[in-house]
Amino acid sequence: MSLAEILAPLLRPAFTLAGTPTSWAELLGFATGALTVWLVVRRNIWNWPIGIANVILLGAVFLTAGLYADAALQIVYVALSLYGWWQWLYGGAGRTPLAIRRTGRAEWAALAVFGVAATAGLSFALATWTDSTVPVWDALTTALSLAATYGQSRKLVESWWLWIAADVVYIPLYAYKGLHLTAVLYVVFLALCVAGLRAWRAELASRSVPVAA
């Protein structure tokens, strides 16, 4: 059985939203995506396996919508999710669970260089070799999402700011491409990212408060 045959039932319309058919893959992607981000906010290790299921579903949705960079991004997400899963379990000192921390200057510099280079390179590739109608925006959100996922895998508090920036672009982009349910999902993501930023900041602050004797 080919991959297309396996995905065909998931890509069938589940219902119509704003005059546009919404597939089962997009519907399941909505549910698993919201659950994944909520689990990240709670610092629950189960966000990683559920997140892998989410990116596989959304990868199929993005491919059919012509968001090629976003579709390819899902493959990278699987690898980053496996890395993040291991890091959260064993990335701390002495192979202990990883702790939340701030992003260092060198890390910010590396993420900035990566973001600019990835956006420029992907924009050129999408405009040159695909029929993408939104090459720059597709590339920008891809670069931001990769940087944010890396930060999340390292439990960097500021990774939430990168997710917030990506979501602000994703919402109108998906609405423009007719993925209305996914656009709504990213509104939920945006709210959860704000909650995650506040929760992780509070956790970091609680560790820095001296314990009374």
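The values are calculated or read from the model by the stated rules, or taken from the named source; none is laboratory data. Just so you know, these numbers come straight off a predicted model, no measurement behind them. As a convention, Cβ positions derive from the backbone with ideal geometry for all residues, glycine included, and neighbour counts pool all protein chains shown. The protein model used for the area step is the full one, side chains on, heavy atoms only, and it has no ligands, DNA or RNA in it. Shrake-Rupley method; radii C 1.70, N 1.55, O 1.52, S 1.80 Å.
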Original post:
Across bins of 5 angstrom width beginning at 0, how are the C-alpha pair distances of the chain distributed, in whole percent?
Top reply: 1, 7, 14, 19, 19, 16, 11, 6, 4, 2, 1, 0, 0, 0
Original post:
From the phi of every residue in the range 96-103, what ³J(HN,Hα) in whole Hz does the Karplus formula 6.51 cos²θ - 1.76 cosθ + 1.60 yield, where θ is phi - 60° and glycine or proline is x?
Top reply: 8, x, 5, 9, 5, 8, 7, 7
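Please compute the contact order of the chain in relative form: average sequence separation of alpha-carbon pairs under 8 Å and at least six residues apart, divided by the residue count, as a percent. Numbers along the way, then the final one.
On the way: 288 pairs, mean separation 44.5, N = 213.
Once normalised by length, the contact order is 21 percent.
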Original post:
In whole percent, how big is the carbon plus sulfur part of the accessible area of the chain, probe 1.4 Å, protein atoms only?
Top reply: 72 percent
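Using only DSSP helix segments of four residues or longer, with each worth -39500 (n - 2.57), what per-residue ellipticity at 222 nm results for the chain after dividing by its residue count and rounding to 500?
Working: 8 runs with 156 residues, N = 213.
Helix contribution divided over all residues of the chain: -25000 deg cm²/dmol.
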**OP:** Give, as a single signed number, the net charge of other residues whose beta carbon lies under 13 Å from the beta carbon of residue 205, with Lys and Arg counted +1 and Asp and Glu -1.
**Re:** +4
Original post:
Relative to the present Cα-Cα distance, how much length would full extension add between residue 99 and residue 169 at 0.36 nm per residue of separation?
Top reply: 22.2 nm
Subject >> Ranked by how many other beta carbons lie within 10 Å on average, peptides 158-165, 197-204 from highest >> reply: 158-165, 197-204
**OP:** Report the local net charge at residue 195: Lys and Arg +1, Asp and Glu -1, summed over other residues whose C-beta lies under 12 Å from its C-beta.
**Re:** +3
**OP:** Pull up all non-local amide H partners of residue 23: gap of 5 or more, or a different chain, and H-to-H distance under 5 Å with H placed in the peptide plane.
**Re:** 14
